[in-house]
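Below you'll find the structure, written out as structure tokens, and then a few comments.
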Amino acid sequence: MSSIQENVKAYAARFAGDSKKPADRKLSAHLKALEAESIHIIREVAAEFERPVMLYSIGKDSAVMLHLALKAFYPAKPPFPLQHVDTTFKFGDMITFRDALAEELGLEIRVEINEDAIARGVNPWDSGSQLHTQILKTEALRSAMNRHKYDAAFGGARRDEEKSRAKERIFSFRDSNHGWDPKNQRPELWRNYNTKIKKGESIRVFPLSNWTELDIWQYILEQDIPIVPLYLAGHRPVVERDGQLIMVDDDRLPLKEGETPELKMVRFRTLGCYPLTGAIESTAQSLEEIVLEMLTARTSERSGRLIDHDEAGSMEKKKREGYF
Amino acid sequence: MNIQAKRDEVIERLTHSGGRGVLRFLTCGSVDDGKSTLIGRLLYDSKLLFEDQLNVLERDSRKHGTAGDEIDFALLLDGLEAEREQGITIDVAYRFFATEKRKFVVADTPGHEQYTRNMATGASTADVAVILIDARKGVLVQTLRHTYIARMMGIRHIVLAVNKMDLADNSRGRFHEIVAEYLKSADALGFESITPIPMSARFGDNVTCRSEAMSWHTGPTLLEYLEDLDLDTELRSEPFRMPVQWVNRPNLNFRGYSGMIVSGKVSVGDAIVVAQSGLAANVSRIVTADGDLETATAGDAVTLVLNQEIDISRGDVLASAEQRPEVSDQFAAEILWMANDDLLPGRSYLLKIGTATTPATITTLKHRVDINTYEKQPSRKLEMNGIGFCNVSTARPIAFDPFREVRDTGSFILIDRFTNQTVGGGMIEFGLRRASNIHTQAMDVSKERRSQIKGQKPTLLWFTGLSGAGKSTVANIVERKLAEAGLHTYSLDGDNVRHGLNRDLGFTDGDRVENIRRIGEVGKLFVDAGLLVTCSFISPFRSERRMVRELVDDGEFVEVFVDTPLDVCMQRDVKGLYKKAQAGEIKNFTGLDSPYEEPEAPEIRLDTSKLSAEEAADQVISHLRERGRLG
Ligand SMILES: Nc1nc2c(ncn2[C@@H]2O[C@H](COP(=O)(O)OP(=O)(O)O)[C@@H](O)[C@H]2O)c(=O)[nH]1
């Protein structure tokens, strides 16, 4: 059994059945408050919607979001499936991790792939990051939403990630085309969420809205949540491209002239499609070391993701078109 | 160093920042008072800006900035494209920073009156409001408005940030003058504390560092104040309340009630009651995925297991047996209206309080508040951003506390039943009477008995359509045919209602709503009497027709849409009303200067341009026969 499988198995055992033992885990005051807020949000959605789903992207934010869902309904299982939008260009370890988790926890994970576009040869290096994201991510997400008729979808976005997210509600209304109208958001008062929608409309729900990147890491540490090993430093083959360290995760990545993969000690702060996700050089091989590194970090998280750099305000534009 | 020791060290370092939990505060002020500059300054000084964010900031400062060659902190915050271009702030933005003592969530809210609802959104989850004043301008109407909204949404602490002191010679006299002026109005609102601080956001004076230029200021800097404010003690002494969100029942051996404790605390063994039903039990376990707890307090999301099975579902409030919330279907509340369409007394909205949702109407609008002067004014409606004191009536009794005592069980939102928009926010002041559900006198003769005798199923046939569509004509034939068949009927229409019961009502939107409400109630009584009732009223609004539908039982309401196009009605113009309306002699005429909202899913649609009145009536009768309503 691989170490991923072992970790995930031990994790799943924590949620199997009503243990009746006294509480043994401590949680820092601010994380306890954030956790309770998120659990409250997740339960509201489960209670008020007919076809909720949790968008699960395998990253650390998704790991925390799923953990919160497991806690919210313990000792029962979360009463909704997980949905992964797979561009087929994810890191191999991510897929191994995803499948192990679904199996051990006994949860349904639905995987959406835009097979049509893959067959036409859409990929990040020829199509460019914008088109790649639009077709393999945004379009696939929309078709998953339509096919399964989800009326509510949890996403792991945080308000500290990006400027337009800083302004988004926790319950974010989407019209029947999945579009977001930033100028006409519903007021959101107290902890009282309006969950009413018409047929065909949906709500995106962001239970991690008020968490920061540091909160996420601290929570993973204090709660012992398994994450994809790529977050920890290891020797990996990378090439330097446009100032970013790109990992050669499989042999599909076409190497440009003069590029030879080099083994470097790197880790990832965020995980997406491997050709679009920059690694950072680091020796942090444990969660503790990651957090220490974070405490002195000077570069914000999403800069490791190429899609945000295309133009100012790019995220808002993507969201209006239905990007998560 | 072994792993455990390293982990302890890291957690120690992390909780060091955040040991006091999170403080949520709101900043508000009118445009250009320096709100964005202030928050940008807090982020900058607490070294929370990352390198790449700084680069973008410098680039944007050159492009759109207003601070000359210096960094324009305001650009850090205006997230939406339109806002960046127009330099305005239309929605709340949330920002995060931390110091060694505490973590902070800042809600940066817009100042314009038209965005009041966005400010209310930010205020509703904040513990403190930082109200900015430009020292040169002093207290403005906006200042008082923002203060009022802060208090209304439940904020108990105010910081009066008198900004741009550098442009007012850092004058102590000017500062005191502004503070005195402010307190004249704000004192009456009953805040727990008001803390004035003179500052200059642009240069950082008294934001995070003490000001040399204003050494006369002996109070705290803004950051010192925010770091030291003690909130914990406030929550704990309140009575235990937990609205049930979810009944957790994975198997026959486990039944738990999940929710967030919104007030007070609960321990294993405590006696609790279901507020609405009065059923009692004791807490036998407090379950979390990390293990069972002995005690849980306000702000915890838990699952309670009780020592006996009692009927509990989502929407119920679990409460301390000694200090119970009120339970009533009538109460007085302050309401902030947030929709383009006016609030209309009598119209049915959905009211969501805690985890319970129920239809509700505003029965009376007692007065409105001029939010700029705090004056009470009589009014019959409430427009966007208006604030009014109202009596509210709900379809089912709800459990609540006065808002001033418990924020979560004292507040509700109102949702429009057709657009689904959040149209109002309400703060409950006090209950008006005990719930009447227990006192309904049981009658020996029931609706079923009455209709059995008549050999029919009571039905409310609701004819809606434009003036001149043919509602009364068709209804009249229907009633005649039913009577000929030996069935028991009654009919309500404009003539027999407008002249008596509703003599006092005119044709404004508000009066139309009340008109239909009363007719609905009368129709309900006739249905209770076991009759087949025809009602012919234009009834232009979907919400009111829906309200009537909900007054009677399933299947008893039959909506008949007499679908005649406007031009046909105008051509017919039997009573000459369209002519008069076009000549301006009648105001608010449906179809002309007052809207008609077509039914979306009527039970029957009559196309009178294709059918004769006789044929239309037959269509109605066969519908009734098919549904088994005619015995
Ligand atoms: N002299 C001076 N100017 C300030 C101060 N605070 C803000 N400003 C300037 O006032 C203008 C409006 O500030 P901004 O933060 O955008 O205001 P907002 O609309 O309230 O967010 C900008 O040009 C700021 O540089 C201050 O304390 N002193």
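All of the numbers you see were taken from the coordinates with simple rules; none came from a lab. All values derive from a computational prediction rather than experimental measurement. All Cβ positions, glycine included, derive from the backbone under ideal geometry; neighbour counts span all protein chains shown.
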Worksheet, complete the sentence: Within 10 Å of the Cβ of an average residue in A:39-45, the count of other chain Cβ atoms is 6
Discussion item. Using the Cα centre of segment A:1-44 as origin and beta-carbon charges of +1 (Lys, Arg) and -1 (Asp, Glu), tell me which of A:Ile41, A:Gly17, A:Leu31 is placed farthest towards the positive end of the dipole.
Written reply: A:Gly17
Discussion item. Order these by the 10 Å Cβ neighbour count, fewest first: A:Leu208, B:Leu460.
Written reply: B:Leu460, A:Leu208
Worksheet entry | Mean projected area (nm²) of the alpha-carbon convex hull when the protein assembly as shown is viewed from all directions | 45.5
Worksheet item: Averaged over peptide A:16-29, how many Cβ atoms belonging to another chain are found within 10 Å of each residue's Cβ?
Response: 5
Practice prompt. Determine the dipole magnitude for segment B:83-211: charges of +1 sit on the beta-carbon of Lys and Arg, -1 on that of Asp and Glu, nothing else is charged, the reference point is the Cα centre, and the result goes in debye to the nearest 20.
Written response: 200
Worksheet item: For chain B, what is the calculated [θ] at 222 nm in deg cm²/dmol (nearest 500), taking -39500 (n - 2.57) for each run of four or more DSSP H residues and dividing by its residue count?
Response: -8500 deg cm²/dmol
Practice prompt. Please list the helices of chain A that count as membrane-span-like by this rule: a mean Kyte-Doolittle hydropathy of at least 1.6 together with Cα atoms stretching 30 Å or more along the helix axis, each helix being a complete DSSP H run.
Written response: none
Worksheet item: Using the 10 angstrom Cβ neighbour count as an exposure proxy, how do A:Ser38, B:Ser277 rank, fewest first?
Response: B:Ser277, A:Ser38
Practice prompt. With only Lys, Arg, Asp and Glu charged, each at its Cβ (+1 for the first two, -1 for the last two), find how big the charge dipole of chain B is about the Cα centre; round to the nearest 20 debye.
Written response: 1520
Worksheet item: Residues with beta-carbon under 11 Å from that of B:Leu343, excluding B:Leu343: net charge, scoring Lys, Arg +1 and Asp, Glu -1?
Response: -1
Worksheet entry | Highest to lowest packing among B:264-270, B:188-194, scored as the average C-beta count within 10 Å | B:264-270, B:188-194
Worksheet, complete the sentence: In terms of the charge dipole of the protein assembly as shown, which places +1 on Lys and Arg and -1 on Asp and Glu at the beta carbon, the residue among A:Ile227, B:Thr459, A:Phe268 farthest towards the positive end is B:Thr459
Worksheet entry | Placed amide H near B:Phe430: partners under 5 Å, 5+ positions off or other chain | B:Ala332
Worksheet item: What is segment B:377-513's relative contact order, in percent, from Cα pairs under 8 angstrom and six or more apart in sequence?
Response: 13
Fill in: Shielding by partners - mean other protein chain Cβ count within 10 Å, residues of B:283-294
5
Response to the item:
For chain B, longest principal axis from Cα atoms; helix B:509-528 axis from its Cα atoms; angle between them, nearest 10 degrees, is 50
Discussion item. If I fit a long axis through the Cα atoms of helix B:35-45 and take the longest principal axis of the Cα atoms of chain B, what angle between them do I get, 0 to 90°, rounded to 10?
Written reply: 40
Worksheet item: What is the Cα coordinate range of chain A on the first, second and third principal axes, sorted by size from largest, in whole angstrom?
Response: 57, 46, 36
Worksheet entry | Three-way shape call for segment B:208-313 based on the alpha-carbon gyration tensor, with the a/c threshold at 1.5 | prolate
Worksheet entry | Separation of alpha-carbon centers, segment B:367-405 and segment B:558-631, rounded to whole Å | 37
Worksheet item: B:Ala485 to B:Val31: FRET efficiency via 1/(1 + (r/R0)^6), r the Cβ-Cβ distance, R0 56 Å, to the nearest 0.05?
Response: 0.20
Worksheet entry | Sequence-separation-based contact order of segment A:81-169, relative, with Cα cut under 8 Å and 6+ spacing, percent | 28
Item to complete: Pop out the ³J(HN,Hα) list for segment B:172-182 in order, Karplus 6.51 cos²θ - 1.76 cosθ + 1.60 with θ = phi - 60°, rounded to Hz; leave Gly and Pro as x.
Response: 5, x, 4, 4, 5, 4, 5, 4, 4, 4, 5
Item to complete: May I ask for the longest run of chain A untouched by GluC sites (Glu not before Pro) that are loop-located per DSSP and have at most 15 neighbouring C-beta atoms (other than their own) within 10 Å?
Response: A:109-200
Fill in: Debye, to nearest 20: dipole size of segment A:30-169, +1 on Lys, Arg Cβ, -1 on Asp, Glu Cβ
360
Worksheet item: By how many degrees, 0 to 90 and rounded to 10, does the Cα axis of helix B:51-64 deviate from the longest principal axis of chain B?
Response: 70
Practice prompt. Quick one: divide the alpha-carbon radius of gyration of chain B by 2.2 N^0.38 Å and tell me what you get.
Written response: 1.19
Response to the item:
Taking Lys and Arg as +1 and Asp and Glu as -1, residues besides B:Asp134 with C-beta under 10 Å from its C-beta add up to +1
Worksheet, complete the sentence: So, relative contact order of chain B in percent, Cα under 8 Å, 6 or more apart, is 9
